[in-house]
Amino acid sequence: MLFHLAEPAVLLALLVAFAIGVFVHDAAQVLTARLVRDPTPMRAGRLTASVKARLTPFSGLAVFIVGHGWAESVPMNDVWRRRRFHVAAAILAGPLAYLLLALGSLALFGLVSDRASIDLGDRVIEATVVNSFAAEFTLWLAVTFASMFIISLIPVPPTDGGRLVFLLGGTSEGWRNTHYRLTDGNIGLVILLALLLLPALFPGFPSVVGQLVGPLLRGLGSLIGLHLV
């Protein structure tokens, strides 16, 4: 976001996409958990308008600098091992919601433009489109939703992907110690911030998100007959 202050369409798209993304992410996880009969998420109040439980200062920092971050995973009853696959389905509903939002944004983009270029640039992601506010806005909605999808699946806490790894993983003492160090020791948070911030602050540093956003959006675009290069 910091690098797009002079681009009103992009800046607005980043803000709108992140605001919509975190609420839809939570709603998808809460409602899916309810379908698998876990009442814990509904009691957590994550269907309200409050952002306090959804966004940490660290995610806010990532959003401010890079333009995308992550939503805190919804609390669920993942202690009972026999129901871990039910919980996994509810957790995966969050990333899936990002993916569907990205697809919907591309469909909107297709209504106002028919061509765009998405590349790995000096500041992680560069999207080039015909000089149109609507086209630029809808394309960057898709870029942001796709970025949030990728981030949510990075397999370190505090992401949904990190939670899945330890939910479906082993129960040995070493596995539990690793989980403790990544979560309570904040090592996972440091890894995640490094993956997001270093490519933006130091051009040329490899970017996980930047490498994957282009192919992901091109693949989604092909599903609806949209040509992205």
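The values are calculated or read from the model by the stated rules, or taken from the named source; none is laboratory data. Values in this document were obtained by computation on a predicted structure and should not be read as measured data. As a convention, Cβ positions derive from the backbone with ideal geometry for all residues, glycine included, and neighbour counts pool all protein chains shown. Just so you know, the surface numbers come from the protein's heavy atoms only, side chains and all, with ligands and any DNA or RNA stripped out. Shrake-Rupley method; radii C 1.70, N 1.55, O 1.52, S 1.80 Å.
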### Task
Run the quick spin-label model on residue 211 and residue 40: label points 7 Å from Cα toward the beta carbon, then report their separation in nm to one decimal.
3.4
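Using C-alpha positions alone, give me the convex hull volume of the range 82-229 per residue in cubic angstrom.
Value for the range 82-229: 114 Å³ per residue.
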### Query
Roughly how many Å² is the accessible area per residue of the chain, as a whole number, for a 1.4 Å probe?
49
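Grab the DSSP H runs of the chain that are 4 residues or longer, score each as -39,500 (n - 2.57), total them, divide by all residues and round the 222 nm result to the nearest 500 deg cm²/dmol.
Mean residue ellipticity at 222 nm (helix-derived): -20500 deg cm²/dmol.
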### Query
Under a plain spin-label model, where a point goes 7 Å from the Cα along Cα-to-Cβ, how far apart in nm are residue 227 and residue 107?
2.3
### Query
Build a GNM of the chain with springs between Cα atoms under 10 Å: which of 67, 21, 170 gets the top mean-square fluctuation?
170
### Karplus-derived 3J(HN,Hα), 6.51/-1.76/1.60, for each residue of the range 208-225, Hz, glycine and proline x
5, 5, x, 6, 9, 4, x, x, 5, 5, 5, x, 5, x, 5, 5, 10, x
## Note on the structure
The size of the Cβ-based charge dipole (Lys, Arg +1; Asp, Glu -1) of the chain about the Cα centre, to the nearest 20 debye, is 940
### Message
Given the whole protein assembly as supplied and a 1.4 Å probe, what does the accessible area of residue 72 come to in Å², nearest 10?
### Response
40
### Message
Quick query: amide H of residue 116 versus all other amide H atoms, modeled in the peptide plane; which residues come in under 5 Å with a sequence gap of 5 or more or a different chain?
### Response
229
## Note on the structure
In whole percent, the fraction of accessible protein surface over the chain that belongs to carbon or sulfur atoms, probe radius 1.4 Å, stands at 66
### Message
Residue by residue through the range 171-183, what is 3J(HN,Hα) from phi via Karplus (6.51 cos²θ - 1.76 cosθ + 1.60, θ = phi - 60°)? Round to whole Hz and write x for glycine and proline.
### Response
10, 5, 5, x, 5, 5, 5, 4, 4, 4, 5, 6, 9
